[in-house]
Every structure is written in structure tokens, then in C-alpha cells.
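Peer 1: The following block contains the structure, expressed as C-alpha cells.
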Amino acid sequence: MSAARPPEVARTSLGARALDRLRAVFGYPEFRGEQAAIIEHVAGGGDALVLMPTGGGKSLCYQIPSLLREGVGVVVSPLIALMQDQVDALAAVGVRAACLNSQLSAAQASAVEARVRAGELDLVYVAPERLLTERCLALLTQSPIALFAIDEAHCVSQWGHDFRPEYAMLSVLHERFPTAPRIALTATADPATRAEIVTALALDDAQVFVSSFDRPNITYRIVDRGEARRQLVDFIAQRHAGSSGIVYCLSRAKVEQVAAHLNDAGVRALPYHAGMANAERADNQQRFLREDGLVMVATIAFGMGIDKPDVRFVAHLDMPRSIEGYYQETGRAGRDGEPAEAWMAYGLSDVVQQRRMIEQSEASEAHRRVSGAKLDAMLGLAETAGCRRARLLAYFGEEHPADWRCGNCDNCLEPPATFDATVEVQKLLSCIYRTGQRFGAQYLVNVLRGKGDERIGRFGHDRLGVFGVGADVDERQWRAVIRQCIAMDLLDVDFEAFGALRLAPAARPVLRGEQEVHLRRIAAKPARSRRKGREAAGEHPVDDATASLAPADAALFEQLRAWRLEVSRERGVPPYVVFHDRTLRAIAQARPADAQALATIPGLGEKKRADWGEALLRIVAAAQ
Ligand code: ADP
Ligand code: ZN
């Protein structure tokens, strides 16, 4: 590819040459964010550490320098399952790429090695354990090397859950190939991991490029959990019909139930969890990647290596244990930069369950304290009446002014009502106190609402002054009050006593009337299916692929999609390797009539225009 470069381009500056490759090969008009600076630095021979969120566009940061420099770009990646897709995607734009991993036969591997030695490849993807073999290092010593890219560099971290021991040995690259530039990339934000990467990979002299971890195309929504499965079906049907999405649940049993429920409700869904047979699990993952519009219902076992760019929503039916987890899981939505949604239904039982898990774990005291603090931060995010994005980013050290509003989270789009709940909270606190701090939420709500039962009668709690004092507040609102009191540390949960609620020290001033409490009022009823739910609620139009299209364009888009599916089947690659939705949508809207018009469509580089330009023009012409 680089050989075909016309001489006048070769004479221009590195930056101009990079932009030329971006346009001609990848078909994108401009670089995003830090890309241009990173590419120029690495193409010029410098080392780099790149911290960029998922979907930020890390791949181009080493792909384009590999095209610009002499020799092959060696990409170290732990995700063997994805290498082939990446190689296919590069082949589709005319970049000469191959991979070296344990899935190749000896003959296939030898063929790739010969191409590396002959300088016939722009990029080679290598699994770390393979790279570290003497055979592979010897091969690379004999070959011209453009650069080393260490993808998913957080895998060096001993403390992260993706730890890969071979990553810790990659400093050998620096020793054996001191002149080849190295670029390490990760979407993990925290400073501790960053420091570990620098040390482990001997990147002390690398320039560090930190992007904002904001994912502006993701809308965050956290709703009060009622009938969770119905809420989920409504959410998908109203906002993401026909789209790909991921639904996370905590347990295997729940994964199975929810997947079955979605299928019954007409949403095509597949289960994925560690208890399934390997073959079936791999099969479901493959289908999710290759078919349009499937929903994967999964435990968090599903994630690492989900590179599918067009996941339109990530839904949580159970609250993650930390903001890191929430950010990572929701981050699998919208890698293609198109609008996507992170939706979570959460309730009191999440709080109780998660606190219990921490309390009863075998971990050290210090570890439990850290887990508790992480859970509290997650709870704070779920309960906040302020901007969710501001909270999320603040957790990763990106501060915004207190009144900053992102305009693309539920609390910004439909600001929640807050109310002076001092009296309600006092009623709750005294109910807990009067009943002896021995009962859980349901019992307390029944006493407050004056709903006597056999147990309440047996303890004589129907004769207390607090019995029925809260009849004017409905049960869901009471549960929300309790949840918020737990999140605010007014209440402790006693797990030895089966989740009994007790007054925490911070409850005293409230009980004594020295401190007011303001809480979020929840909607009286969970949002019901309304056919025109989105418009009625005045919500941000986030939806499946055709939402933003006029009806005639939507019809053309669907035709293009059907054509894409055929092509992808013939080639044995996922549809998004052929074209992203965004490209098809741009074609449906612009309706290019000739090759020149086609060249203005984003995502259509020279190779794809040569391969598929005519077919696309024919489909567009037929639709006029
Ligand atoms: P990451 O590895 O950071 O998660 P990718 O490299 O997979 O992200 O890129 C995410 C998506 O953004 C891809 O679909 C890619 O084609 C697209 N993309 C990257 N850079 C640009 C750009 N400059 N213009 C348009 N699209 C881009
Ligand atoms: Zn917001």
C-alpha cells in the first residue's frame, strides 16, 4: 500500500500524509480529538502512551503510522478471537494485514512469517505469548519493523481483572528493538494503572496522550425498578426496536429467564454466561457479532473483546458493583459514535444484596472497605438528582462546575422533582426505632402504611403511634425514600439480622429536627408503554438505525442493509466490516448518483469504492 504512494504526497509533511491516508484508505474526512497529534508523534518515531475511551478511535493511532513508516506494524493484542475481524476489516479497505496466533495451522503461520520477512505486510497482529517466543523475536529481528503497538495495555496491571502475565514481559521489546517506536493504548482511566503501564513497558520517555473519558453519544438513564422485565421490554420496544443491544444480569438463572422472556415478547435475544457449554456460548457470541438486531442477555462474563461497533444500548437489570464496572459495561454501547443508550433499572434490593456480598465476603478488612466505598460511589450515581455524566466523569478525575449540565442524561433531559422529605424521613426513622431496629424494608413499609398482617399483629406493632402514619405515601415512594436514606448513610443494613435496617449516627440530627432532608421524588408509576412514548415524554430522539431518516430514506437504508448482510455472508465477515450503519445511512440520505458523489460519503475509501461503488450506485438508482 505504502509503495503505491505518489511521489508528490511523499514530499509533504507527515501530518499531511497522515490526513491523506485517512481520507484515501479509510474514507474519513478529519481526525478526531488527539488522533492527529498521536499519529504524527508515532509516525515520527516517538513512543506514546494513549489513554482514550472505548470508541475513541485508538486503532487508527497505530494503523496510519504503520502505513506511513517503512516495515510492518506489529500489534500486540490479547484478544485472539477479534484478530481475524480486524484483519478482515483492514483487508476490506485495502491494507495488507495478517495475524499470528494459536488458531493458525503451522503452514498458515509459516506463510504469514514469510510475508513479514519479505516486507509484504503493513500490519501483523500477534498474541503476546506468541510474540515472546524466540522464534517470533528472531523473525522480527530479521524484518523491517515500523512500530510496536501494545493494545489493551492495562493487561500489564497486576491488580486489574484483565491481568495477562505475558504483558508484564513486553519490556523485552524495548531491549531487543530499541529504535522501533512503541505505542501503548488503553481505555482504562485510573492513574494507578497508567503508572503500572509506564513501569512495566519501560515507557518512561513516552509522550502521554490523555483524552477525555466522556462518551458524548451515550445517553445515561437510571430508572426506579418496578416490574423489571416489563420495563425492559418497553424500553427496547419503544426506543430500540430492531437494534443490537446487551442486557446485563447478575446471575446465570436470571440471564436464562430474561432471554426467554424477551423472546416471548418478540425481541430476538440470546443468553450468555459462564455456566453454558463452551460451544453454545461461542456460537451465541458469533451470532451476536454477525447478525443485525440481536440482543445478548449476559452476565459480566460477556464483555472483554466485544468490539461490535453498532451496539445501540446496554441495559442493566442489576446494579454493577462499582462505577468502573458501570463505565466499562455501558461503554460497549455506541463505539461507532452514533447515538446509544445506557439504561439501568435499579431498586432497594440491589443495595441490600451488594452490601451483603461485601459484608459477608472472605476478603480482608481493607479490601472490604474499598469495595464498600466503590459501591457507595455507584449508589451515589444512581441516586443523584444532578447530571449523571458530571458524576461519572468526576469519579475519573474530570471535574466540571457544579451547575454544569450535559443535556444528554435523564436528569438533564427531564430534571427530577426533589422535595423536602424531612417529615417522611422522620416518620421512617422513628418507625425503625419504635419497632426495635430489627426489621427489613417491607415490614417497615407495611407498618408505615398501616397494612397490618399476622406478624405485625403478633408483635403488637399495629398499636404503635407510627402505625399508618405514612399511609399518604405509596409503597414505591417509601422504598425510594429508604433507598436514598441508605445511600445517604442515614441507615445501616444489618446482615446478621437478615437485612434489618438500623439507625446510623447521621440519623440523629434528622430525628431531632436539626437537619432537613431533600430527596428525589420518583414518578408515581413506572413509565407505561405509550405508543408515542418518546414524543410524549419530550425525550431525546435516541433510537435504532432508521429513527433519524425520512420514510423513503429509511426504506432505502433497509435495502442497503439487506444487501450488506448478503455481502457479509458471502465473505464470511460481520456486516460492520463491510460498512457501518453510518455509511449506509449517509448513502440513503445523500443518494449519490455517480462515483464523484460517492467519494463524499464518510467511511468509503478508495478500496471500498472500487469493490462496491457500482453495486451501491445501482441500488440507489433503482430506488429513485
Ligand atoms: P477504540 O479502539 O478506541 O475503541 P476504534 O479504533 O475501534 O475505537 O474506533 C471506533 C470507531 O470510530 C470505528 O468505527 C472507527 O472506524 C471510527 N473512527 C475512528 N476514527 C475516526 C475518524 N477520524 N473519523 C470517523 N470515524 C472514525
Ligand atoms: Zn447530564
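Peer 1: Would you work out the charge dipole size for the chain about its Cα centre, treating the Cβ of every Lys and Arg as +1 and the Cβ of every Asp and Glu as -1, and quote it to the nearest 20 debye?
Peer 2: 1140 debye
Peer 1: Quick check for me: using +1 on Lys/Arg Cβ and -1 on Asp/Glu Cβ, what's the dipole size of segment 186-276 about its Cα centre, in debye to the nearest 20?
Peer 2: Computed charge dipole of segment 186-276: roughly 520 debye.
Peer 1: Tell me, what is the percent relative contact order of segment 543-624, built from C-alpha pairs under 8 Å that lie six or more residues apart?
Peer 2: Answer for segment 543-624 is 29 percent.
Peer 1: Net charge near Val172, counting Lys/Arg +1 and Asp/Glu -1 over other residues with Cβ under 12 Å of its Cβ?
Peer 2: Summing Lys and Arg as +1 and Asp and Glu as -1 gives -1.
Peer 1: Using +1 at the C-beta of Lys and Arg and -1 at the C-beta of Asp and Glu, which of Gly513, Gln158, Gly45 has the Cα lying farthest in the positive direction of the dipole of the chain?
Peer 2: Ranked along the dipole, the leading option is Gly513.
Peer 1: Ok, one more. Could you work out Rg/(2.2 N^0.38 Å) for segment 52-161, with Rg from alpha carbons only?
Peer 2: 1.03
Peer 1: Report the Cα centroid-to-centroid distance between segment 152-185 and segment 193-241 in angstrom, as an integer.
Peer 2: Measuring centre to centre over Cα atoms gives 24 Å.
Peer 1: Holding the Cα-Cα limit at 24 Å, pick out from Lys58/Lys607; Lys427/Lys451; Lys254/Lys451; Lys254/Lys427; Lys308/Lys607 the pairs that are longer than that.
Peer 2: As for pairs spanning more than 24 Å Cα to Cα, those are Lys254/Lys451; Lys254/Lys427.
Peer 1: Quick check for me: using +1 on Lys/Arg Cβ and -1 on Asp/Glu Cβ, what's the dipole size of segment 122-278 about its Cα centre, in debye to the nearest 20?
Peer 2: 580 debye
Peer 1: Hey, another quick one. Sort 318-330, 56-68 by packing, meaning the average of other beta carbons within 10 Å per residue, with the highest value first.
Peer 2: Packing order, densest peptide first, comes out as 56-68, 318-330.
Peer 1: Take peptides 86-98, 349-361 and line them up by average Cβ neighbours within 10 Å, highest first, as a rough protection proxy.
Peer 2: Per-residue mean Cβ counts within 10 Å order the peptides as 86-98, 349-361.
Peer 1: What Rg and what Dmax come out for segment 185-287 when only alpha-carbon atoms are used, in angstroms?
Peer 2: Cα only, segment 185-287: 19.5, 57 Å (Rg, Dmax).
Peer 1: Further, regarding this structure: Using helices alone, I'd like the mean residue ellipticity at 222 nm for the chain: each DSSP H run of four-plus residues gives -39500 (n - 2.57), total over residue count, nearest 500.
Peer 2: -13000 deg cm²/dmol
Peer 1: Count charges around Thr186 for me, please; just the other residues with Cβ under 11 Å from its Cβ, Lys/Arg as +1, Asp/Glu as -1.
Peer 2: -3
Peer 1: Around Glu113, what is the net charge, scoring Lys/Arg as +1 and Asp/Glu as -1 over all other residues with Cβ under 13 Å from its Cβ?
Peer 2: +3
Peer 1: Report the one residue of Val314, Ser349, Pro339 whose Cα lies farthest in the direction of the positive end of the charge dipole of segment 278-353 (charges on C-beta: Lys and Arg +1, Asp and Glu -1; origin at the Cα centre).
Peer 2: Ser349
Peer 1: I'd like the distance separating the alpha-carbon centroids of segment 75-131 and segment 298-352, in whole Å.
Peer 2: 30 Å
Peer 1: Explain nothing, just the number: relative contact order of the chain, from Cα pairs under 8 Å at least 6 residues apart, as a whole percent.
Peer 2: Contact order relative to length: 14 percent.
Peer 1: Express as a percent, rounded to the nearest 5, the fraction of DSSP beta bridges in the chain (both residues included) that run antiparallel.
Peer 2: That works out to approximately 10 percent antiparallel.
Read-outs: derived from the displayed coordinates by stated rules, not from any lab. Quantities reported herein were computed from a predicted structural model and do not represent experimental measurements. Don't worry about glycine lacking a Cβ; one is built from the backbone with ideal geometry, like all the others, and counts go over all protein chains shown.
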